[in-house]
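Input: a single structure, listed below in C-alpha cells.
The values are calculated or read from the model by the stated rules, or taken from the named source; none is laboratory data. Just so it is clear, the model here is predicted, and its values are computed rather than measured. Neighbour counts run over all protein chains shown; Cβ positions are idealised from the backbone, glycine included. When the accessible area is computed, the model is the full protein with side chains, heavy atoms only, and any ligands, DNA or RNA have been set aside. Shrake-Rupley method; radii C 1.70, N 1.55, O 1.52, S 1.80 Å.
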Amino acid sequence: MMQRSTILVALLGLALAAGGCSSGQRKDDAPVVVSVIGGETKAADPSAGPLDSAERVLMGATAQGLVRFDAAGQIEPALAERWIVIDDGRSYIFRLREAYWPDGAPVTAAQVVRVLRRAAAPGSRNALAPFLAVIDEIVEMTPTVIEVRLKRPRPDLLKLFAQPELAVFRTGTLDGSGPFRALPAARGMLLRPIPDPGSDKGAPEPEETVHLLGERAALALARFKARESDLILGGSFTDWPIVTQAEIAPANLHIEQPLGLFGLVVVAREGFLAEPGNRAAIAMAIDRAALTEAVRPGWTPAETLLPGQLDSAAPPTRPEWTPLAPDARRQTARDRVAAWRRTHPDPLTLRIALPAGPGATLVWAHLAEAMLGIGITPQRVGPEAAADLRLIDTIAPYDSGRWFVQTACLVCSDEARALIAAGREAIDLPSRAQRIAEADAALTAEAAYIPIAQPLRWSLVALRLGAWQGNARGWHPLNHLRNEKE
C-alpha cells in the first residue's frame, strides 16, 4: 500500500512540474470545473442504497428537496418557497414554488409526496431512513401544498430534508428540478443552470455552467495544479498526504472538521472484544494526539462519542479512563491484555478494517503500534472485509445526539439499543434529550465505539469562486460558488 501511494505522489509531482505553486486562477469566462474525489458522476437512486460522494454532489445539483443548504450550511428555500410549523412542532406545512421537470412538466405536490414517502418507508435503503421514523404521514393538501405530520416534535427535521438523499426526482428517470440540468460530457457531466420560471434570461454564460468530474485525488490535484479545474470536493484524511506533497498555495486550501464520527466501531463482540474492559483497553492504547498530528498538525483528537452536548440533556460522557495520564492508560491496557492471555494462551489477533490511501496507512501505523504495545497482533483488512474493528469516517447529517448514538451502535447491548429506541419514541423534547444522554452514557460505559477525532475534510478552491464558504457541515452546493456580480 505504501509503495502504491509513493508512486502516486511521484506521478503527481511529474504531472505538476509545469503547473507551479501559484494561487492563480483559470480564465473567468470558462466553465467551472469541479472534481469530486471518490465515485463516478452518475445518477443514482438514494432509495436503493447509500450514495457515494460524487453521486451526492450530482444529486444535490440536479434534484433539490423541499429545502437545501446554502454556502454557509444554513437552510434556504428550494422546492418549498415557504413553510410553517404548527401543532407544537408536530406539523410542517410547505408551500411549493413554481418548478419544472426537464421536459417542461410542472412539479406537483403529489410527485413530491410520492418520493418522500418512498424514502421514509419501512425497509427503505435510503441512508436517512432510520432517522425518518418520526414521520407519521406525508399528505398532499392542495396541488401546491404538502404537510409532513410527525408523531413527535423534531426541530431538526429541515436539516434532514436539505440532504441530497431527500432530493425530489422522478422515479425511473432520476430527473430533478434543478438548480442545474445535467448533460453527458466526454468525461463526467456538464451542468447548466436552470433559469427561474418567467425569467427572460437567455442561454447561460460559460462561467455559469459546471463541468463535474469524479476522479481519484492524485488526478484531481494534478488537474487543479495545472489550472484545468477550479474546485476539488470530497477530500478526506485518506489522501491528505498527497495534498502536502502538491505544495498547494494557502489561498486555495481549505480545511474543515465537520461534526461527525471518526473512530473504531466494534464489529463483533466475540473473544477478547466480548468484555467491556477489553474494548476499553483498545481505546486506552491509542495515542490520539500523536495519530492526528502525524496525519495533519491541528487535527483535533476526540475522546467522547458526542462532540458536544447538542440536544442531549447532559454534556458528553467521558470514559472512566480519561483522567489517567497516557503512560497509565497504556499500562492499564497492557494489564488487561495480560490478564486475558493468562486464560486464553492462543495468539491474540484483531482485524482492523481501513480504507485505502496514504492517510489511512498513517492511521494504520499508529493503530498497529498501539495494539502491539499492549500485546495484541493487529491485522489490516480492507473496508468491506470481515473485521473485528472497523474505522468509520462520516459526517453527521443533522445536529442531534441521536444520530451519533444510533451510528455508533453497530453492535451494542440490548440496554443501549433500548435507550436509543426510547429517544426515537420520546413524546417530548426533554424526554428525548434525557434518553440521548442515557444512551451516550451506556455506549461509553460499554466501549461500543472508540473515538479518535472529528472527520477531517479538505477542499481546493480557485480564487474565482468567491462565494464558496467553509461550514460545519462540509457540504458545498454547486449553485453557491460564484458571487452574482462576478
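Take the residues in region 84-102 that are in a loop (DSSP other than H, G, I, E, B) and closer than 14 Å to Gly176 by Cα; name whichever of them is farthest from the chain's Cα centre (by Cα).
Taking region 84-102 as the starting set, the residues that turn out to be in a loop (DSSP other than H, G, I, E, B) are 87-90, 97-99, 101-102.
Going one step further and asking which of them are closer than 14 Å to Gly176 by Cα, we end up with 98-99, 101-102.
Working: Glu98: 31, Ala99: 29, Trp101: 28, Pro102: 29 Å.
If we take residues in region 84-102 being in a loop (DSSP other than H, G, I, E, B) and closer than 14 Å to Gly176 by Cα, then Glu98 is farthest from the chain's Cα centre (by Cα).
Do we find a residue being in contact with a helix residue (DSSP H, G or I) (Cβ under 6 Å, 6 or more places away or on another chain), in a loop (DSSP other than H, G, I, E, B) and open to solvent by less than 70 Å² (accessible area, probe 1.4 Å) anywhere in region 72-81? Please lay out each step first, then the result.
Our first condition is that a residue be in contact with a helix residue (DSSP H, G or I) (Cβ under 6 Å, 6 or more places away or on another chain); within region 72-81, this holds for 75.
Retained after the next criterion (residues that are in a loop (DSSP other than H, G, I, E, B)): none.
Scanning region 72-81 turns up no residue that is in contact with a helix residue (DSSP H, G or I) (Cβ under 6 Å, 6 or more places away or on another chain), in a loop (DSSP other than H, G, I, E, B) and open to solvent by less than 70 Å² (accessible area, probe 1.4 Å).
Just one of the numbered conditions (1) modelled with pLDDT under 95; (2) closer than 18 Å to Ser53 by Cβ; (3) of a type in the set (Val, Ile, Thr) is not true of Val461; which one?
(1)
Is there any pair with a first residue in region 362-377 that is at pLDDT 95 or above and a second that is open to solvent by 50 Å² or more (accessible area, probe 1.4 Å) and part of a strand (DSSP E or B) whose Cβ atoms are under 8 Å apart and which are 6 or more apart or on different chains, and what are they?
The qualifying pairs are Trp364/Arg380; Ala368/Arg380; Met371/Thr377; Ile376/Thr349; Thr377/Thr349.
Just to be sure before I move on: is Asp346 of a type outside the set (A, V, I, L, M, F, W, C) and modelled with pLDDT under 95 in the structure I sent?
Working: of a type outside the set (A, V, I, L, M, F, W, C): yes; modelled with pLDDT under 95: yes.
Spelling it out, Asp346 is indeed of a type outside the set (A, V, I, L, M, F, W, C) and modelled with pLDDT under 95.
Of the residues that make up region 216-230, is at least one open to solvent by less than 20 Å² (accessible area, probe 1.4 Å) and either free of Cβ contacts under 8 Å to residues at least 40 places away in the same chain or assigned to a strand (DSSP E or B) (or both)?
Within region 216-230 (the criterion being open to solvent by less than 20 Å² (accessible area, probe 1.4 Å) and either free of Cβ contacts under 8 Å to residues at least 40 places away in the same chain or assigned to a strand (DSSP E or B) (or both)), the answer is no, since none of the residues qualifies.
How many residues are assigned to a loop (DSSP other than H, G, I, E, B), surrounded by fewer than 19 Cβ atoms within 10 Å (Cβ to Cβ) and among the aliphatic types (A, V, I, L, M) if we restrict to region 427-449?
Number satisfying all stated conditions: 1.
In region 337-359, how many are closer than 22 Å to Leu291 by Cα, in a helix (DSSP H, G or I) and open to solvent by 10 Å² or more (accessible area, probe 1.4 Å)?
Residues flagged as closer than 22 Å to Leu291 by Cα, in a helix (DSSP H, G or I) and open to solvent by 10 Å² or more (accessible area, probe 1.4 Å) within region 337-359 amount to 1.
Being modelled with pLDDT of 90 or more and farther than 25 Å from Ser312 by Cα is the requirement here; does Leu150 meet it? Reasoning before the result, please.
On the way: modelled with pLDDT of 90 or more: yes; farther than 25 Å from Ser312 by Cα: no.
In short, no.
Restricting attention to region 236-251, report how many residues are within 14 Å of Ala222 (Cβ to Cβ) and either under 19 Å from the mean Cα position of the chain (by Cα) or assigned to a loop (DSSP other than H, G, I, E, B) (or both).
Let us first name the residues in region 236-251 that are within 14 Å of Ala222 (Cβ to Cβ), namely 239, 242-243, 245-248.
Now restrict to residues that are either under 19 Å from the mean Cα position of the chain (by Cα) or assigned to a loop (DSSP other than H, G, I, E, B) (or both): 239, 247-248.
Result for region 236-251: 3.
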